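Everything on this sheet refers to the single structure shown next.
Just so it is clear, none of the values below were taken in a lab; they were calculated from the coordinates. What you see is a predicted model, and the numbers here were worked out from it, not measured in a lab. Cβ coordinates were reconstructed from backbone atoms using ideal geometry, including for glycine residues, and neighbour counts include every protein chain displayed.
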Amino acid sequence: MRAIISVTTDSEIIRRSRDRPADFGELFDRHATALHRYAARRTNPSVADDILSETFLVAFERRTGFDHDRDDARPWLFGIATNLLRHHYRAEARMLAALPRAVEHDRHDGDLARSTERLDAERAVSHLAATLKGLSPHDRDALLLYAWANLTYDEIAEATGVPPGTVASRLNRTRRLLRETAATDPSSTTTSNGTSHGRPDPAPHPA
Amino acid sequence: MDDLTLLRTLRDDVASPEADALTRARVLLTTRIHEEEALMARTPATSTTATRRLRPKGSGLGRRRLGGRRLGGLAFGAAAVAAAIVVGATVLPGTGGAAQASDVLDAAAAATIRQADPVVAPGQYLKIETTGISAATLGLEGDRYLQWLDETTSTLYVPKDANDLWVLKNGLAKPVTFFSGAAKKWALADFEKKSASGSGSETLRGRGGDFGGDTPAVQSPSETAAIAELPRDPEALLAHFRAEAGTTDVHGDAETFTLMADLLRSGQAPADLRAGLYRALAMIPGVTVSDEKATLDGRSGVALGLDDGDVRREIVVDRDSGLLIGERAVLTKARGDMPTGTVVGSTSVKTSVVSSAP
């Protein structure tokens, strides 16, 4: 809708590629790294390698269907990648399961207060990971497109093919869920002023 | 640190792609581009259909989700929007004596098993015609947007031998219901532009149901095989689709419901599987009958479904034959200019056997 003079938009590249397919390569050069990072963040680098090549093959096949009212192809490309990622939910589940451990590995230096903070962070991450895992695939897609791919509500709507209002309600719901799990976590009340006795208590085990 | 800030920091340290990986992906794309150029050089730029290339096999794209949520270009379920019918604010029959969902589904299961599946002879095609209305939202500057409903028909021709050539005709989406004057003006103008240029409608052909790209087609032979392998036992089916949906909470069950409804709607589930699916649907908590006389595409049946808080997803079943007439999604909460009770997604499916494909 808004054309920026002197900068070639994604839309123009895609339009040109109808008759000059080779031009489509420019789109790859612009967005490949960001797409790969997003896919790797949700799964692992080797899955991301596949997602990257498949996303651009699919995009190339579908280039005539691109909505030229949009200048930016990111929502379109992230939408394709998101669909493809659905097939890799096991890899994503493994990533989520490993999240809390990833924080723990960081924790080997520093003083007591910092250790306590780290412990809090670990717990927060565990809860976040559990919540992410419990989300429906649609909700998780919306949340991660927002938080990790930096798409706006409108762009997420475009990427996932739903109205912006639905995106807004999904994100509100998921963010409420994230807050609720954090709030009901009994172990999240650990004091962080560093005046505990010698060492932080191990996390209470309910059972 | 709040929830979102924390989430944004997680896995922020993921490495950028290896140069190798980028090169490999770029080469794959370039190879595909060269194929296209070669084709364009050979064929005058007339038919895009005939020159449409099939995606290379083994790229992993064939592994679409069973009963994937899109069929013939029509999105359904949470992603869906649409339908020409505004049911009004009272979707649920207020009177007592409403049929129990489990009774209806049980009866449908019993009826469907007696229903003979269409027999496709060599040289014939199973014709699956899907009509649906989907909502479109166009975002404008700021928070403003236009909303309207599009009607689309797509027709799929499945050959007797699933490895032969399939044909998929996708019609142009036609705007039919508008939620503001501005939306009407824009949507109709856009429709005229597209029908004049011939864009927006297409006929795809592909061996084995593979139309290339991410064409939201149907089951490829591998998926047809996967359908054959699905359990018929309702409990096992429910467990299978819950795992597919990835969750067990109410939102997960809404997704589970949609996945099973999509498979029923695909027209490709054999009678014994349909019966199992109906019985599995009856086992999902919260599934209720909402409309005993729902009309979809001129046919009437019982609507039953599940409310996820925003949308009630429903299937409409012919009580006598146990055949699925279609699916619909009814807003249980206003969405933008669309009031509660708007049917924001509907798809109906008709199957028949024909002796030729276009």
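Legend: Rg and Dmax of the stretch A:23-186, from Cα coordinates, 17.7, 59 Å.
Taking the Cβ of A:D141 as the centre, find all other residues whose Cβ is under 10 Å away and add up their charges (Lys, Arg: +1; Asp, Glu: -1).
Its environment carries a net charge of +3.
Taking a sphere under 10 Å around the Cβ of A:D49 and counting the other residues whose Cβ falls inside, with K and R at +1 and D and E at -1, yields a net charge of -3.
What does the charge count around A:F78 come to, taking other residues whose C-beta lies under 10 Å from its C-beta (Lys +1, Arg +1, Asp -1, Glu -1)? Please list the in-between numbers first.
On the way: positive: A:R74; negative: A:D141, A:E155, A:E158.
Computed value for this residue: -2.
Straight Cα distances below 30 angstrom link A:K133 to the lysines B:K333, with same-chain residues fewer than 8 positions distant left out.
When the charge dipole of the stretch A:23-186 is built from unit charges on Cβ atoms (+1 for Lys and Arg, -1 for Asp and Glu) and taken about the Cα centre, the candidate among A:A168, A:G25, A:T64 whose Cα reaches farthest toward its positive end is A:A168. Annotation: the residues B:H34, A:H138, sorted from fewest to most other C-beta atoms within 10 Å of their own C-beta, follow the order B:H34, A:H138. Pairs B:K169/B:K194; B:K127/B:K193; B:K160/B:K350; B:K184/B:K350: which exceed 24 Å Cα-Cα? Violating the 24 Å Cα-Cα cut-off are B:K127/B:K193; B:K184/B:K350.
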